[in-house]
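What follows is a set of notes on a single structure, which appears directly below.
The values are calculated or read from the model by the stated rules, or taken from the named source; none is laboratory data. Since the structure is predicted, the reported quantities are computational estimates derived from the model, not experimental observations. Here the Cβ positions follow ideal geometry from the backbone for every residue, glycine too, while neighbour counts run over all protein chains shown. For the accessible areas, the whole protein counts, side chains as well, though only heavy atoms, and no ligand, DNA or RNA atoms are used. Shrake-Rupley method; radii C 1.70, N 1.55, O 1.52, S 1.80 Å.
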Amino acid sequence: MKAEFQKPKTNGVPVKDYYVSAMEHLVSVVQELSLARDLEGIMAIVRHAARKLTGADGATFILRDNGCCYYADEEAIAPLWKGKRFPLERCISGWAMLNRQPAIIRDIYDDPRIPAEAYRPTFVKSLAMVPIRSLDPVGAIGTYWAKHRLPKPEEVKILQALANSTSVAMENVQLYSGLEEKVAERTARLQALNEELDSFSYSVSHDLRAPLRHVGGFIELLQKQEGDKLSAKGMDYLKIILKSTQTMSGLINDLLEFSHMGRTEMRKSRLDMKALVNDVWLGLTPEWKERNITWNMADLPQVEGDSAMLKQVWVNLLSNAIKYTQRRDRAEIHVGFMARNAENEFFVKDNGAGFDMKYAEKLFGVFQRLHHKEDFEGTGIGLANVRRIITRHGGRTWADGKVDGGAMFYFTLPKGSPRLPVSP
């Protein structure tokens, strides 16, 4: 809430009272300026504050534009010069900028610095003009009165303090705009690179499928038609080749799915996360029905997201938990949840093989595996898919574990709008 203060008058308001109340209001204005993200926002704040702080009948915001003064904005009881340009040498705002000091004028028609003809169509009788950024002025703030009035020193100090704060705000906007441009440029480059990578992955994967099918098909024919002519060692070689083609086929399919996840349009709705996890767990029954697994799940909230994509997240995380606990006599898998300020945090905890934490970030990379294929099957794409899906939802992923001491995989989702329809 802005501080209220007594407007300065020629009589009736003690200087001390004005100065204190004006400073309180200036603090409020400075806070507003610190949040401004564009020049238009700065000008709107400043033109209003300049009038209120000085009790002026009008205020203008002037920008230095090469050799001209550009009257970019105004707030006044009648039109002034908004949108017009004047040479620096023929304008009082230009004088304030060139001389790096305020111009205080009680009667504009008695001051040789004033181009009188430009002022005659206006209401202006007196003015105060202060430069924005004293060392190297980039503009000026002008305040005007419809009656002859000599602005008090305290008013000029306040006006100059406003101009100094305006200078900082303009510099911040420049930095912010430059940062935004850099971020936008970098984002565009990353998006282009991702699209190229997705396209390349799709093309390569698609092109590899046909010859791989041929290899597998001919190996099976060779086993059936010529198998009796081969030695036992030769048959073993064919089995190894066939298994390798099946493994490669799995890699290709996973790579295509990974590429697909980056290209698919998201369809968000409100989801019952507990029902979704239950559905995934039941779908994985063939993988755990012969196992001794202690399974439990916390109450999970509704979330906002793409149902198919988030289902794939749970498929990958729960499948991993089942797989990496297969050497435990009694496996334990727990799905948990914690509410954070702006996001919901989910995790899957198991008592399986675990991993070395110094390689934790590698887990979410494509084809990154921390266990031998002979110990645990897999292609190394599942967790990369998890990260891609969660990132597209605006969330984060990470993991915690210990060798032979189990693992926990976390992901977050932003708290969404309850107005979205609940997905069936």
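So here's what we get for this one:
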{"read-out": "Three-way shape label, the stretch 120-159, alpha-carbon gyration tensor, a/c 1.5", "value": "oblate"}
{"read-out": "Under 14 Å, Cβ to Cβ, from Ala78 - net charge with Lys/Arg +1 and Asp/Glu -1", "value": "+2"}
{"read-out": "Three semi-axes of the equivalent ellipsoid, the stretch 214-366, Cα gyration tensor, whole Å, largest first", "value": "38, 21, 15"}
{"read-out": "Relative compactness, the stretch 288-362, computed as alpha-carbon Rg over 2.2 N^0.38 Å", "value": "1.23"}
{"read-out": "Accessible carbon and sulfur surface of the stretch 126-167 relative to its total accessible area, %, 1.4 Å", "value": "62"}
{"read-out": "Per residue solvent-accessible surface (Å²) - the stretch 210-329, probe of 1.4 Å", "value": "59"}
{"read-out": "Computed Rg/Rh of the stretch 85-183, alpha carbon atoms with Kirkwood Rh", "value": "1.06"}
{"read-out": "Peptide ranges 400-409, 221-230 listed from the most packed, as the mean C-beta count within 10 angstrom indicates", "value": "400-409, 221-230"}
{"read-out": "Space enclosed by the convex hull of the alpha-carbon atoms of the stretch 72-126, per residue, Å³", "value": "92"}
{"read-out": "Compactness of the stretch 42-94 - radius of gyration and Dmax, Cα, Å", "value": "11.1, 31"}
